[in-house]
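Colleague: Once you've had a glance at the structure underneath, I'll fire off some questions.
The values are calculated or read from the model by the stated rules, or taken from the named source; none is laboratory data. Given the structure is predicted, the values throughout are model-derived calculations rather than measurements. Glycine gets a Cβ as well: all are built from the backbone with ideal geometry, and neighbour counts include every protein chain shown.
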Amino acid sequence: MSDWRNRVFCEDALAGLARIPDAAVDLIIADPPYGLGKDYGNDSDKLAAEAYLQWMEQWIDAALPKLKPNGSLYIFLTWRYSPEVFVMLKKRMTMINEIIWDRRVPSMGGSTRRFSSVHDTVGFFAGAKDYYFDLDAIRVPYDAVTKKARSRSIFVGAKWLELGYNPKDVWSVSRLHREHRERADHPTQKPLEIIERMLKASCPPDGVVLDPFMGSGTTAVAAKRCGRHFVGFELNAEYCALIEKRLAALVPLETVDAETAGSAIVESI
């Protein structure tokens with residue numbers, strides 16, 4: 001299929017990944033069901049532990065061949081299954097980082113028999129030593145006070161001082177609460193800030209990102225905003241309609257080259 005880019009297919013990724021040529025995408029961003037029994041309008045998150053891990057291995061083995069040799073993968077997980085999945089991926093790729101997403105959950109109640117869980121775990125993996133990574137695109141600017149404090153001659157003209165510092169492996173980004181301006185009707189929607197950082201760092205301009213579990217479509221939205229192509233899959237027809245609505249709201253985008261953005265299509269199968 002020659003026109004698979006800039007499309008979200010309303011079907012199971014395991015069935016649909018055959019549409020994508022091998023070694024054709026630069027980046028995979030995967031936000032699979034966490035195995036917590038969430039309601040996504042189907043039974044996709046209601047597998048027992050052993051079946052869940054078997055399913056994870058199945059889609060990983062179907063998705064990884066679609067990556068270019070120097071492509072990368074980010075995968076969202078929780079502490080429950082991240083150790084097993086990280087071991088699984090380490091047999092296939094090189095682990096670059098374990099990133100902790102601090103969701104800035106307020107301290108309100110929680111279990112009385114354990115510490116409250118307020119983070120997601122993100123694995124960053126690469127297929128080769130020459131994996132694409134654009135640090136300058138994601139540097140965090142220093143504030144004026146910090147720059148003034150580094151005013152000695154040895155700091156003048158320093159690239160790191162002018163462009164900003166390397167983001168750390170703990171990302172403190174608020175979850176999308178019900179009143180958040182980005183919030184759509186999806187239980188585990190990820191913030192654009194996080195997905196756009198992944199795209200800018202690990203997918204070259206005009207490159208292609210694959211999202212096997214599109215959900216609310218944040219990866220597709222972020223790709224269009226950042227001038228990248230996308231392709232993805234989503235089982236739930238209602239979420240497919242939501243993705244179509246979100247993408248339509250972005251047209252036209254002044255910050256995205258028209259040719260790069262292409263025509264975004266959500267396609268029912």
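Colleague: Name the residues in the range 187-222 that are over 13 Å from A30 (Cα atoms), surrounded by fewer than 24 Cβ atoms within 10 Å (Cβ to Cβ) and in contact with a Ser or Thr (Cβ under 8 Å, 6 or more places away or on another chain), would you?
Modeller: Of everything in the range 187-222, those that are over 13 Å from A30 (Cα atoms), surrounded by fewer than 24 Cβ atoms within 10 Å (Cβ to Cβ) and in contact with a Ser or Thr (Cβ under 8 Å, 6 or more places away or on another chain) turn out to be P191, L192, P205, D206.
Colleague: May I pose another question? Within the range 75-97, track down each residue that is more than 24 Å from P204 (Cβ to Cβ) and within 17 Å of the chain's Cα centre (by Cα). Write out each step before concluding.
Modeller: Going residue by residue through the range 75-97, those that are more than 24 Å from P204 (Cβ to Cβ) are 77-88, 90-91.
Selection gives L77, T78, S82, V85, F86.
Colleague: Moving to a separate point now. Y131 - would you say it is farther than 26 Å from W79 by Cα and modelled with pLDDT of 95 or more?
Modeller: Numbers: farther than 26 Å from W79 by Cα: yes; modelled with pLDDT of 95 or more: yes.
Answer is yes for this residue.
Colleague: Which pairs have Cβ atoms under 6 Å, sit 6 or more apart or on different chains, and link a residue in the range 17-36 that is part of a strand (DSSP E or B) to one that is charged (D, E, K, R)?
Modeller: Here the result reads V25/K66; D26/K68; I29/D211, each pair linking the range 17-36 to a residue that is charged (D, E, K, R).
Colleague: Right, next: So for the range 19-28 (the condition being closer than 30 Å to P205 by Cβ, out of contact with any Asp or Glu (no Cβ under 6 Å at 6 or more places or on another chain) and at pLDDT below 95), does at least one residue qualify?
Modeller: If we filter the range 19-28 for residues that are closer than 30 Å to P205 by Cβ, which is where we start, we get 19-28.
If we keep only those that are out of contact with any Asp or Glu (no Cβ under 6 Å at 6 or more places or on another chain) too, we end up with 19-28.
After this cut, where a residue has to be at pLDDT below 95 as well, the list is 19.
Looking through the range 19-28, at least one residue is closer than 30 Å to P205 by Cβ, out of contact with any Asp or Glu (no Cβ under 6 Å at 6 or more places or on another chain) and at pLDDT below 95.
Colleague: Now for a different question. Determine if the range 106-117 includes at least one residue that is surrounded by 12 or more Cβ atoms within 10 Å (Cβ to Cβ), modelled with pLDDT of 95 or more and small (G, A, S).
Modeller: No, the range 106-117 contains no residue that is surrounded by 12 or more Cβ atoms within 10 Å (Cβ to Cβ), modelled with pLDDT of 95 or more and small (G, A, S).
Colleague: Can you find even one residue in the range 75-84 that is surrounded by fewer than 18 Cβ atoms within 10 Å (Cβ to Cβ) and at pLDDT 95 or above?
Modeller: If we filter the range 75-84 for residues that are surrounded by fewer than 18 Cβ atoms within 10 Å (Cβ to Cβ), which is where we start, we get 78-80, 83-84.
Right, trim to at pLDDT 95 or above and you get 83-84.
Yes, some residue in the range 75-84 is surrounded by fewer than 18 Cβ atoms within 10 Å (Cβ to Cβ) and at pLDDT 95 or above.
Colleague: On to the next question. Hey, among the residues in the range 229-242 that are closer than 22 Å to A62 by Cβ and of a type outside the set (A, V, I, L, M), which one's surrounded by the fewest Cβ atoms within 10 Å (Cβ to Cβ)?
Modeller: N236
Colleague: Ok, one more. Restricting to the range 160-179, name every residue that is modelled with pLDDT of 75 or more and hydrophobic (A, V, I, L, M, F, W, C).
Modeller: Taking the range 160-179 and keeping what is modelled with pLDDT of 75 or more, we get 161-174.
L161, L163, V170, W171, V173 - these are the residues of the range 160-179 that are modelled with pLDDT of 75 or more and hydrophobic (A, V, I, L, M, F, W, C).
Colleague: Same structure, new question: Inspect all residues belonging to the range 65-74 and state whether any of them is part of a helix (DSSP H, G or I) and either under 19 Å from the mean Cα position of the chain (by Cα) or crowded, with 16+ Cβ neighbours inside 10 Å (or both).
Modeller: Of the range 65-74, the ones part of a helix (DSSP H, G or I) are 65-66.
After this cut, where a residue has to be either under 19 Å from the mean Cα position of the chain (by Cα) or crowded, with 16+ Cβ neighbours inside 10 Å (or both) as well, the list is 65-66.
Yes, because at least one residue in the range 65-74 is part of a helix (DSSP H, G or I) and either under 19 Å from the mean Cα position of the chain (by Cα) or crowded, with 16+ Cβ neighbours inside 10 Å (or both).
Colleague: Report yes if E244 is at pLDDT below 85 and either among the charged types (D, E, K, R) or in contact with a Lys or Arg (Cβ under 6 Å, 6 or more places away or on another chain) (or both), otherwise no. Spell out the reasoning first.
Modeller: Working: at pLDDT below 85: no; either among the charged types (D, E, K, R) or in contact with a Lys or Arg (Cβ under 6 Å, 6 or more places away or on another chain) (or both): yes.
Answer is no for this residue.
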